[in-house]
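The values are calculated or read from the model by the stated rules, or taken from the named source; none is laboratory data. Please read these numbers as outputs of a predicted model, since none were measured by experiment. Positions of Cβ are backbone-derived with ideal geometry, glycine not excepted, and every protein chain shown enters the neighbour counts.
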Amino acid sequence: MHGFSYQHGSLHCEQVDLKELAATHGTPLYVYSGGTIIDHFKRLDAALGGVPHEIAYAVKANSNLSVLRLLVAQGAGFDIVSGGELFRVLKAGGDPAHCTFAGVGKTRGEIAYALDQGIYSFNVESEEELRALNQVAGEMGLVAPAAVRVNPNVDAKTHHYISTGKSGNKFGVDFEAIPDLYARAARDLPNIRLRGLQMHIGSQLTSVAPFIEAVDKVAPLVRQLKHAHDLEFWSIGGGIGIVYQNALDSGAAGWWQHRRPDELPLTIERYGRELVPRLAELGLKILLEPGRYLVGNAGVLVTRCLYEKKGVAKTFKIVDAGMNDLIRPALYQGYHEIVPLAQPATAARVVVDVVGPICESGDFFCQDRALPDFQPGECVALMSAGAYGFAMASNYNSRPLAAEVLVEGATATLVRQRQTLDDLIAGEL
């Protein structure tokens, strides 16, 4: 489910016309459906109903304060990867006692800040980090709750930039080394409390098979550690994929025809049906760290066509959004459906490249794709842009960051103002 559909010939987010939002707030413009975020959270919560659990939203996917507040109201926990993300969660009303701190390069300042706030657990990525955590906690007169991230060496078969569970990735500790590391920590590190075990095998997984493989492989280790160290939780990570192609039902226009075989949707119901029986028998609290699943299809990037350039080899549609606004296509060949705000009257299409204004050849949103023939002055929406869209945006080419709008039913709220040119140089001397 997501909140975007054509109504009376115009693309809407829930009950709000995107053309009106573009006219009011300008473009490029991120628009989020609050109802979609809440619906996805509730569906995931229900799918895990057979086991004690907590859904810890991965803040890196979309860290807007209003998005975080929506999830606070639903009772979410939070998976953070920096001191800045913890700060955002606190400003949004989140409870630090429901935050887990992941990431391979935590600084001592970030560790001290998180300890002072009383987070639930540090997800530790190496023995060196565990010893640093013990030292900082000792200096503060505290005991740090921790879970080591195990690398199960499972191939998630996703893009190599977002694969995290293989032995060649920078994340986690080798599977075989975990028992000895826990034993040494319990013996030698008095300011560490081993609270759980954590794993995460990758992002944008569209099959349940890698999840099953990882859970089945790590579950015996969890039983062993639970008995030896009285663990209370197992974090199984996130990674639940979303559908990027065919993300919008085009209705009568019928110009989305086929979905790639590798993007058959993984339903959250099947995910729960396969994993809950495997997890329930462990008698532990299960933590889940979804990001993209909750917000990915809840957002779009609205951009206006500036020019059409026809050459011998290509036709280019040049839009006012660039790779600084949405870097996924340039960074790891991310696919986004591109749809006009005005519903096409026919199924006619033209083959074009949709490109931005950035001075890089990699600044494109699609190449050689058949799309409705939208014209200069008209707006299109890049679908499924709610995750790793604005969160990865930059000021490259000295371009101000886009505005963000959150829609809840018939109400649209500006939740981030568009940067001004003065904002671009704020803090520079």
Please list, ordered by first then second residue, the pairs with beta carbon atoms under 6 Å, 6 or more apart or interchain, first in the range 306-320 and without any contact (Cβ under 8 Å) to a residue 24 or more places away in the chain, second surrounded by 13 or more Cβ atoms within 10 Å (Cβ to Cβ) and of a type in the set (Phe, Trp, Tyr).
-> Lys309/Phe316
Examine the range 128-137 for a residue that is out of contact with any Pro (no Cβ under 8 Å at 6 or more places or on another chain), farther than 13 Å from Lys106 by Cβ and modelled with pLDDT of 95 or more, and state whether such a residue exists.
-> no
Could you tell me which numbered condition Lys317 fails, if it satisfies all but one of (1) closer than 22 Å to Leu11 by Cβ; (2) in contact with a Gly (Cβ under 9 Å, 6 or more places away or on another chain); (3) of a type outside the set (A, V, I, L, M, F, W, C); (4) crowded, with 23+ Cβ neighbours inside 10 Å?
-> (2)
Within the range 205-223, the residues that are more than 14 Å from Ile286 (Cβ to Cβ) and hydrophobic (A, V, I, L, M, F, W, C) are Leu205, Val208, Ala209, Ile212, Leu221
When (1) at positive phi; (2) in contact with a strand residue (DSSP E or B) (Cβ under 9 Å, 6 or more places away or on another chain) are applied to Met383, the one that fails is (1)
What number of residues in the range 336-362 are touching a residue at least 60 places away in the same chain (Cβ under 8 Å) and either within 24 Å of Gly26 (Cα to Cα) or in contact with a Lys or Arg (Cβ under 6 Å, 6 or more places away or on another chain) (or both)?
-> 8
Hey, does the range 362-383 have a residue that's among the aromatic types (Phe, Trp, Tyr), under 24 Å from Gly299 (Cα atoms) and in a loop (DSSP other than H, G, I, E, B)?
-> yes
Go through the range 62-83 and count every residue that is in a helix (DSSP H, G or I) and in contact with a Ser or Thr (Cβ under 9 Å, 6 or more places away or on another chain).
-> 2
Among the residues of the range 391-410, count how many are hydrophobic (A, V, I, L, M, F, W, C), out of contact with any Lys or Arg (no Cβ under 8 Å at 6 or more places or on another chain) and either outside the structural domain of Ile327 (by TED's automatic domain parsing) or surrounded by 20 or more Cβ atoms within 10 Å (Cβ to Cβ) (or both).
-> 4
Flag for Thr413 being outside the structural domain of Asp39 (by TED's automatic domain parsing), assigned to a strand (DSSP E or B), of a type in the set (Ser, Thr, Tyr) and in contact (Cβ under 8 Å) with a residue 40 or more places away in the chain = yes
